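> Below you'll find the structure I mean.
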Amino acid sequence: MTPRLRVAPSPTGLLHVGTARAALFNWLYARRHGGVFIVRVDDTDRRRSTSEFEEKILEGLRWLGLDWDEGVEVGGPHGEYRQSGRFERYREVGAQLVAKGAAYRCYCSPEELAQRRKEAQRAGRPPGYDGRCRSLDVPEAESVEGSYVVRFAMPRPGVTVFTDMVRGEVRFDHQVIDDFVILRSDGSPTYHLASTVDDVDYGITHVARGEDILPSTPRHIQLTRAMSAPEPVYAHLPLLHGQDGRKLSKRHGATDVGEYRQVGFLPEALFNYLSLLGWSIGPEATIFSPHQAVEAFDLADVSSSPAVFDPVKLEWMNGEYIRNHLSISEFAERARPYAEEFVGAPLADEVWQQAAAVLPLVQERVKLLSEVGPQLAFLLLEEIEYHPKSWRKVMRAQGVDGVLSQAISDLSKVADWRTEPIEQALRGLIAEMGISARKGFQPVRVAVTGSSISPPLFESLAAMGREATLKRLRDARSKLT
RNA sequence: GGCCCCGUCGUCCAGCGGCCUAGGACGCCGGCCUUUCAAGCCGGUAACGCGGGUUCGAAUCCCGUCGGGGCUACCA
């Protein structure tokens, strides 16, 4: 049987990295086993769902390289992949379940429920629904006035036992699971119903999702059985945690995939990093391609303990990808939008080409694409600002005035304005003046780039051009006190 | 509180009864290289939560304990 897997994001927020990781594992498994990967939108919460969030989520998945075979936007044999378009179907299933006695109407009001919950808690009883309306028979229930919800009648007594692909055998006694709502009083389905009906209707064979819904799984299994449908295999993935060991959330920093994109992470790097959270491709490998991951992946190999999301390691990996997995032209192409974002305007081709000379040197110095702008600022901007600390440290030393004057004089004699002649001139300068490279080069660097930290000096000056270089040197000299 | 899940370096993973005086990666520390900063190279730091058992032998199996996390809605 062809494996059919899905990810079912809820468009009540942006694409969370945890959701992305779950999507990734589903995708890997589907690709590994020649299966079908489906993207469905769980938008039963009409109040909080928006199409903007939906778009961002889908965009994020595509950006990460997770393409889907069926689902929203691409369509498929099941037509509708958005739950909001299937409410009739859920109501139909709800009615069928009521008809066969697997579910029942509950007329308890939210106020009554809250009241009884409070009492139960005070008395030390479980706070879940007490099953009051379960004993109403159907004709009796239908004669009752007022609004109602539909609750699933958990088989009692009973136990649900299943074999989770990552955790092994798990069991839940139905005593601790109340008769949960499947249709709200406005007729809309809850997550449990909609998700389960969809999994059944779409023929989902493997449900790989976060461990946070492990406690809901017996409900889904019982619902599936009540529909007389085959059960999928479940795999509950370990949760992503923040540095404090709690479920990853906004207070731990960026959780939205779009933010990572925005600050200049490469999708390849995020893909690689995320796949290492709860899984590994082998004893030694850390960096690997999606293709290699697909070749090796199996849900059964996923670890069962939670993983702390470490932004520092992600950054290291991103640098690794920028340095070693991007050609110079790919790097230039990807970096340009970030440079333009930094400058605040589109860059003229001439300006960008001028920067291209030092781009390979910048490529091995950045961990994020957003760092390119600041590193190239001296080339991209007409006016530079001197980094205060650099100025204080370098330009207030003894003899800087003389160094700059000599540099102006020596450099203006360089006929062939390329890296090697420039280097020759400046090396000649320090030899002549009998000073260290540091003493001789740092003032020039600060004068021209505005900072004591920059791409290598001679190449930078070469890219800068002679006139611009000399102007910067004179400007800086005039600012010495 | 109840139910469920989890427990190897600070972090991510390897380990699936002997190959482990526990391996790799990030981080951190030191060194080399060097025009700054990176990168690179070399070296170092650091863990099987605890207690019982099973076994000739346990990080690996079992039990307990402690610790952490998740769930406990007419959210998903």
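> Do the conditions hold for A:Pro77, that is, is it in contact with a helix residue (DSSP H, G or I) (Cβ under 9 Å, 6 or more places away or on another chain) and either part of a loop (DSSP other than H, G, I, E, B) or polar (S, T, N, Q) (or both)?
No.
> Checking A:Gly203 against (1) surrounded by fewer than 16 Cβ atoms within 10 Å (Cβ to Cβ); (2) at positive phi; (3) not hydroxyl-bearing (Ser, Thr, Tyr), only one condition comes out false. Which one?
(1)
> Within the stretch A:282-326, can you find the residues that are near RNA strand B (Cβ under 8 Å from one of its atoms), of a type in the set (A, V, I, L, M, F, W, C), surrounded by fewer than 18 Cβ atoms within 10 Å (Cβ to Cβ) and part of a helix (DSSP H, G or I)?
Result: A:Val312, A:Trp316.
> Follow-up. Only one of (1) part of a loop (DSSP other than H, G, I, E, B); (2) modelled with pLDDT of 95 or more; (3) within 16 Å of RNA strand B (Cβ to nearest atom); (4) not charged (D, E, K, R) fails for A:Ala229. Which number is that?
The number of the failed condition is (3).
> When you go through (1) among the small types (Gly, Ala, Ser); (2) free of Cβ contacts under 8 Å to residues at least 60 places away in the same chain; (3) within 18 Å of A:Arg261 (Cα to Cα) one by one for A:Ser370, which number turns out not to apply?
Of everything listed in (1) among the small types (Gly, Ala, Ser); (2) free of Cβ contacts under 8 Å to residues at least 60 places away in the same chain; (3) within 18 Å of A:Arg261 (Cα to Cα), A:Ser370 misses just condition (2).
> Can I ask one more? Here is a check on your reading of the model: is A:Leu193 buried (at least 17 other Cβ atoms within 10 Å of the Cβ), farther than 24 Å from A:Arg125 by Cα and either near RNA strand B (Cβ under 7 Å from one of its atoms) or of a type in the set (Asp, Glu) (or both)?
Taking the combined requirement at face value, the residue does not satisfy it.
> State which residue is nearest to A:Pro215 (Cα to Cα) when the search covers only the stretch A:131-150 and only residues that are of a type outside the set (A, V, I, L, M, F, W, C), surrounded by 11 or more Cβ atoms within 10 Å (Cβ to Cβ) and within 11 Å of RNA strand B (Cβ to nearest atom).
Out of the qualifying residues, it is A:Tyr148.
> Let me ask something additional. So which of A:Gly76, A:Gly124, A:Gly71 ends up being at positive phi and touching a residue at least 60 places away in the same chain (Cβ under 8 Å)?
A:Gly71
> With A:Arg32, A:Arg62, A:Arg21 as the choices, which residue is within 25 Å of A:Ile281 (Cα to Cα), crowded, with 24+ Cβ neighbours inside 10 Å and charged (D, E, K, R)?
Step by step, each of A:Arg32, A:Arg62, A:Arg21 is checked, and only A:Arg21 is within 25 Å of A:Ile281 (Cα to Cα), crowded, with 24+ Cβ neighbours inside 10 Å and charged (D, E, K, R).
> Taking the stretch A:435-481, which residues are loosely packed, with under 15 Cβ neighbours inside 10 Å, among the hydroxyl-bearing types (Ser, Thr, Tyr) and within 16 Å of RNA strand B (Cβ to nearest atom)?
Result: A:Ser436, single match.
> So if I check each of A:Arg6, A:Arg62, which one is of a type in the set (D, E, K, R) and part of a strand (DSSP E or B)?
A:Arg6
Condition check ((1) within 27 Å of A:Gly344 (Cβ to Cβ); (2) among the basic types (Lys, Arg)) across all residues:
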| site | (1), (2) |
| --- | --- |
| A:Glu385 | yes, no |
| A:Asp410 | no, no |
| A:Glu432 | no, no |
| A:Lys439 | no, yes |
| A:Ser452 | yes, no |
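> Take the residues in the stretch A:370-380 that are among the hydrophobic types (A, V, I, L, M, F, W, C) and more than 14 Å from RNA strand B (Cβ to nearest atom); name whichever of them is nearest to A:Glu340 (Cα to Cα).
Filtering the stretch A:370-380 for residues that are among the hydrophobic types (A, V, I, L, M, F, W, C) and more than 14 Å from RNA strand B (Cβ to nearest atom), the one nearest to A:Glu340 (Cα to Cα) comes out as A:Leu380.
> Given (1) within 11 Å of RNA strand B (Cβ to nearest atom); (2) under 20 Å from A:Val197 (Cα atoms); (3) crowded, with 20+ Cβ neighbours inside 10 Å, where does A:Arg6 come up short, assuming only one miss?
Unmet for A:Arg6, out of (1) within 11 Å of RNA strand B (Cβ to nearest atom); (2) under 20 Å from A:Val197 (Cα atoms); (3) crowded, with 20+ Cβ neighbours inside 10 Å: (1).
> Let me ask you something else. Can you tell me which condition A:Arg48 does not meet? The list is (1) at pLDDT 95 or above; (2) over 20 Å from A:Val200 (Cβ atoms), and all the others hold.
(1)
> Additional query: For the stretch A:402-432, which residues satisfy the criterion of being of a type outside the set (S, T, N, Q), over 16 Å from A:Ser460 (Cα atoms) and loosely packed, with under 14 Cβ neighbours inside 10 Å?
Selection gives A:Gly402, A:Lys413, A:Ala415, A:Gly428, A:Ala431, A:Glu432.
> I'd like to verify a number: residues in the stretch A:249-279 that are within 12 Å of RNA strand B (Cβ to nearest atom), part of a loop (DSSP other than H, G, I, E, B) and either at pLDDT 95 or above or closer than 20 Å to A:Trp316 by Cα (or both), how many?
So the count comes out to 4.
> Then there is this: Please verify whether A:Ser109 is at pLDDT 95 or above, of a type in the set (Gly, Ala, Ser) and within 8 Å of RNA strand B (Cβ to nearest atom), treating the condition exactly as stated.
So A:Ser109 does not fit the description; no.
The values are calculated or read from the model by the stated rules, or taken from the named source; none is laboratory data. Predicted, not measured: the structure shown is a model, and the values here were computed from it. Positions of Cβ are backbone-derived with ideal geometry, glycine not excepted, and every protein chain shown enters the neighbour counts.
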